[in-house]
1. Label GLU307 and GLN272 with points 7 Å out from Cα along Cα→Cβ: what is the distance between them in nm?
2. Taking the simple approach of a point 7 Å from Cα along Cα-to-Cβ for both PHE684 and GLU32, what is their distance in nm?
3. Once fully extended, how much extra length lies between GLU412 and SER647, figured as 0.36 nm per residue of separation less the alpha-carbon to alpha-carbon distance?
4. How would HIS439, HIS744 line up from fewest to most surrounding beta-carbon atoms within 10 angstrom?
5. What percent antiparallel are the DSSP beta bridges of the chain, to the nearest 5?
6. Mind checking the dipole of segment 24-304: about its Cα centre, +1 per Lys or Arg Cβ, -1 per Asp or Glu Cβ, Debye to the nearest 20?
7. Let me check against my output: what whole-number percent is the relative contact order of the chain, with C-alpha pairs under 8 Å and at least 6 apart?
8. What is the magnitude of the charge dipole of segment 318-404 about its Cα centre, with +1 placed on the Cβ of each Lys and Arg, -1 on the Cβ of each Asp and Glu, and no other charges, expressed in debye to the nearest 20?
Amino acid sequence: MKPVLFFIVVILFLVPSVTQAKHIVGGDVTYEFVSRQGDQVTFEVLFTMYRDSQGGGAQFDNQGRFGLFRGNGNSWSHVRTYIENPMDISNINIDTGNPCLEVPTGVGVQSGVYKFTITFTQSTTESYMIAYQRCCRNNSIFNILVPEDTGAVFSATISPFAQSEGDNSPTFNDFPPVVICANSLLNFDHSATDKDGDQIVYSFCTPLTAGGTDGVMGGSADACTGITPDPVNCRPPFDEVSFRLPAYRFDDPLGNGVSIDPNTGVISGIPQVLGQFVVGVCATTFRNGVEISRLSRDFQFNVTSCEVAVQASIGADKIVDGDGFIVNSCGDFDIDFVNLSTDQTKIFSYDWQFDVNGDLVEFDTRDISYTFPDTGRYDGLLLLNNEGDFDNCKDTAFVTVNIFPAINADFEFAYDTCVAGPVDFTDLSFSGAGDILVHEWTFEQNGTSDLKDPSYSYQTPGVKPIKLAVEDKNECRDSLVRDLTWFPVPPLVIIDPNIFVGCQPASIRFDNLSSPIDSTYDVIWDFGDGNTVNELSPTHIYDDVGTYSISVEITSPIDCQTDGSFNNLIKVLESPEAGFSFTPEMPSIFNKTVDFTDESVGAATWFYNIGGVGILEQNPTYTFPDTGLVEVVQIVSHPSGCTDSLSILLDIEPLVTLHLPNAFTPNNDGLNDTFKGKGFFDGFKDYKMNIWNRWGEKVYETEDPQIGWNGKNNNNQENSPVGVYVYTIEYTGPRGEMNQLKGHVTLIR
């Protein structure tokens, strides 16, 4: 196989502080033998170019110029230039090579293919080179000098051997990951395939450069220092890039010991510096110990800071230093491990390992259950992606399982069920680890104790849920809840009132102040008048005069009983009965003097309150000063001191009288000269009088009942003729009632 050159440059975003590439950023070249006609040989050439698809960079070059050169060493001549357009433009999938590393935002690569054939005259001494020259590299490249002025050459050289044998170029199997993680193991297989089965030796080598920045801010883009050098004038050999010595060299491009295996092509090491680094790789082929070709590629490693993508975690009783998980079990040998590890989308394998009495017990599922053989301590691991090659895709949880002896909470209590005294509690709890160190008693909401064997006094009856929680030296805990039925009877029956003297009828509220007691108890009251009731605190009415003894019998829900008797507790005195009548029965403004007649029973004294005026008489007479509703109250007292009262509302009616004549004579003789009403008008409101003649014409109206019609139109024009006139009168009475009168009046002259 003849010497072959194969170049790939990928210039992408770098994290952090990466400047966007604004042009085509890489490519690779292969060739394939097609045919031979005499001394004319034909090869198909495939240029695959790469550009940054983010940030609005330059598109693929239309009518890209590919130069064909002939020669060797430092002497090359231009044969011809191929002008080609790109085809099959598509976005490519950027494989980082790390299943746990995501491509940073803003990174995108698009590929375009230039495919054409070249035909030339076979030479036995000279090689042919097909080359594409383009500037520039990314200005953020860290390990070479002035990268923003440094271009790249994509080329392939067809040696005399390849021409005569019709060989094809070898190809690398995979392209390196675009982004790799700092401080994580890099392990990438950069091997190539040779169809002829020749031996391949791998090494780092120096990438090549061509072109410059002319044509951007001035100068000619076609110059050999331009962004698109013209192949006619810009011929091989091409310069090597300049590394930033001594920190970086072609054989140590990352400056920290990353190396390539000469036999396998595996690039390995731990990148330590963040940045963007150009790397050249050569695959040299040998046949029978003789070098026959060299395949070259240059590319970029973007070294970035990567967070650990997965985190091992399990449900535990305690977490130590973030990765130590302590699982405690008290008396239960069956442990269900809950795996809380994240991110599940990046976890490809689980490896549980436990040392159980010297034997290794392993599981490979996410969640596991295991029965340990006995009490004791067991150490283990949970390894995520244990077989993977990427450190940031791995994590380990250190697991400690403590199987402690069982602890059981237990207790008993003792008390007199019918006596309202303290309850004695006795702890019966047991721990296989030894003494119980913590006792937490809960008797009711606000009743607790930390004693081993406490006593507690309840104030209210009921079913009491008693809880005991215990803890031993291993912090193992257990708890137990038992119901305590506490329904004693009160030691003393207490009621209110403790004495009562009252008047007939006596309504008495009896409050049961005994304790403990509630509505679940049967409380039988005997009121001493033949009446009983089952109620906690009843109200009873004594209708008859007398002295009464009370008894109370209390029975708890568990049939505990007590009782109390209260002799001569209630004394009911005789009461009078108030009553009176009055005349006239319908007093009014015309009859305001009222006589009151006592009709009470058993009264010894009498008192009347008439509209705020007090009168100490049995049968008083009273003249009301005004009309309206007036409250009259009679209060009578019995010789026993008991009183009674009666209240009524007496209405002094404000009457109105209105009388109208049926004729009048307006002749100025002083007798019956005007038509108007006569009577008692106090309390009138909204008075209106209208008068019409027989033709329906209104001849007079007024709102003053004291002014009458004088027989003239509107009382000030010509005389109205004698005859019959119609009148209407409306007014509102003293109580707001509406009144309306209609009639006829005769005008006589």
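1. Using points 7 Å along Cα→Cβ, the separation is 2.6 nm.
2. Placing both labels 7 Å beyond Cα along the Cβ direction yields 12.9 nm.
3. Contour length minus Cα-Cα distance gives 77.8 nm.
4. Going from least to most buried by this count: HIS744, HIS439.
5. Expressed as a percentage, antiparallel bridges in the chain total about 90.
6. On the way: 15 positive and 30 negative charges, 66 e Å.
Approximately 320 debye in magnitude.
7. Reported relative contact order: 7 percent.
8. Details: 5 positive and 18 negative charges, 49 e Å.
Here segment 318-404 has a charge dipole of around 240 debye.
Taken together, the values in this text are just the output of simple stated rules run on the coordinates, not laboratory data. Everything numeric here is computed off the predicted structure, so don't read it as measured data. Because the Cβ atoms are built from the backbone with ideal geometry, glycine has one as well, and the counts that use them run over all protein chains shown.
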